[in-house]
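The values are calculated or read from the model by the stated rules, or taken from the named source; none is laboratory data. All of these numbers come straight from a predicted model, not from anything done at the bench. Glycine also receives a Cβ, built like all others from the backbone with ideal geometry; neighbour counts cover every protein chain displayed. Keep in mind that these areas ignore ligands, DNA and RNA; they rest on the heavy atoms of the full protein, side chains included. Shrake-Rupley method; radii C 1.70, N 1.55, O 1.52, S 1.80 Å.
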Amino acid sequence: LFLFPLLFPLLLHQKKGIGISGKEGMQACQNSDYSISQFRFLRRLMLIHGRWNYRRISLLVVYSFYKNITLVITQFLFGLQSEFTGQTIFDGLAGNTYNVFYTSGILVTAIFDQDVSQRILNAQPELYRSGVRNEKFNSKVFWKWWIEGLINSGILYLMIVYLSAEQITHQNGYMLGMDVTGMTVFTTAVVIVNVRLAIANNYWNWINWLFFWGSIFLWFVFGLFYSSDAGTVLTYTAYWIFMVMLETAHFWLLLFFLAITCNLAIWIKMGAQRFEKPSWKQQLKISESRGEKLPGEQSQSSGPQQIQRVRSSPLLIDVAHQNKHIHHSGYVDQENKSSLPFALGRVRHVAKKGLQAVAGLRKRPDPSASHRNDQNKKAEVELSVQNTSSNK
């Protein structure tokens, strides 16, 4: 975990090749990572799918470290308390299936998540700059998630093991042992990390809801199974532990309290930023939800499309100028002048004009030769006049 930030330069400097099939053949496509049939598809590939996938993969990496830190550090703290005797606080079978089944919702988020719609990305290609600046995948973001997982793990362990474990008793009067305490730690950690993923997720469909609730529900189903008589086929260490935990009122109180407490700071931060100082992207989403025309959106006229400069909303301009990472010029073109194909076309046009100017300078006639030609023509005219006079 501590050496992972050293790998960032290797990950950030990887290049992807895009091949365009054309009259010259298919060699470029066969040796590329992505292949497209027309140059105009490059805009959608980069500005829309490229930006979405950059944010998805970034969240996948940092969240995978976060959810494992939240669980593993509890085991490390228990090792300090038990003087590293080798005893584990939760069952090994539960820990081995933690990433695969009970926190697998990140896989769906890494496939379907969309922070903004295609309409906004088409109208505002400037949002692609977040990937160029590595705003979602850098050392600062990684350590922020790392520290958040460390704090949540410390709160989780202290609240359950130190403050409440010795006071929890079963309804028959017996004290609950270490096995029930460890099961409580594991169950609460599963709920906390899934709630944190729900906060980070931007796009919800029925598959996201299924994996969010299904991951938590699957752990409860599996816990009931492997703590029962049938579960003794897998392990004897968790026999009847899960049932005893569910019968304890302290467990349900800690579960809901810690799920809210560990994510409360993120909720407050996101809510304050959204309502007090919304970003340029959030303003665009608000305008889209209201059905307003977005600045930079292409006109849908039936006739020939003409480039028109459309003045943006003053509110959007103010928000854009407050954002340090996005520059908004006050107007945008309905023909998407900020798009990559248009920019390359402008470069080719300027280069062509420059070459024509250089060629014109080379072919420019000599001024002295032009003067001599004028004198010769004048002499010929005078000679013809004299001849005409003599004939008369």
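Structure values in brief
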read-out: Region 302-318 - residue that is more than 17 Å from Val116 (Cα to Cα) and open to solvent by less than 60 Å² (accessible area, probe 1.4 Å) and, of those, modelled with the lowest pLDDT; value: Val310
read-out: Restricting region 225-243 to residues that are open to solvent by 30 Å² or more (accessible area, probe 1.4 Å) and outside any loop (DSSP other than H, G, I, E, B), the residue that is nearest to Thr97 (Cα to Cα); value: Phe225
read-out: Neighbours by Cβ (under 8 Å, 6+ apart or cross-chain): first from region 49-71, at positive phi and assigned to a helix (DSSP H, G or I); second at pLDDT 90 or above and open to solvent by 30 Å² or more (accessible area, probe 1.4 Å); value: none
read-out: Flag for Thr109 being part of a helix (DSSP H, G or I) and β-branched (Val, Ile, Thr); value: yes
read-out: Subset of region 265-301 that is part of a helix (DSSP H, G or I) and open to solvent by 80 Å² or more (accessible area, probe 1.4 Å) - its residue that is farthest from Leu158 (Cα to Cα); value: Ser289
read-out: Single match in Gln167, Gln171 (criterion: open to solvent by 70 Å² or more (accessible area, probe 1.4 Å), in contact with a His (Cβ under 9 Å, 6 or more places away or on another chain) and at pLDDT below 90); value: Gln167
read-out: Residue identified as farther than 24 Å from Leu197 by Cα and of a type outside the set (A, V, I, L, M, F, W, C) among Thr261, Thr248; value: Thr248
read-out: Hits in region 267-286 - residues which are among the basic types (Lys, Arg) and out of contact with any helix residue (DSSP H, G or I) (no Cβ under 9 Å at 6 or more places or on another chain); value: Lys269
read-out: Residues of region 201-215 classified as part of a helix (DSSP H, G or I) and in contact with a helix residue (DSSP H, G or I) (Cβ under 6 Å, 6 or more places away or on another chain), total; value: 5
read-out: Search result, residues across region 112-161 that are over 23 Å from Lys293 (Cβ atoms), polar (S, T, N, Q) and surrounded by fewer than 18 Cβ atoms within 10 Å (Cβ to Cβ); value: Asn134, Asn138, Ser139
read-out: Condition check for Phe251: open to solvent by 30 Å² or more (accessible area, probe 1.4 Å) and touching a residue at least 40 places away in the same chain (Cβ under 8 Å); value: no
read-out: Residues of region 121-166 that turn out to be out of contact with any Lys or Arg (no Cβ under 7 Å at 6 or more places or on another chain), over 30 Å from Thr188 (Cβ atoms) and in a helix (DSSP H, G or I), as a count; value: 6
read-out: Every residue from region 122-145 that is under 13 Å from the mean Cα position of the chain (by Cα) and among the aliphatic types (A, V, I, L, M); value: Leu127, Val132, Val141
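Residue-by-condition table, conditions (1) open to solvent by less than 30 Å² (accessible area, probe 1.4 Å); (2) under 19 Å from Thr188 (Cβ atoms); (3) touching a His at 6+ places or on another chain (Cβ under 7 Å):
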position	(1), (2), (3)
Arg40	no, no, no
Arg56	yes, no, no
Tyr63	yes, yes, no
Thr88	no, yes, no
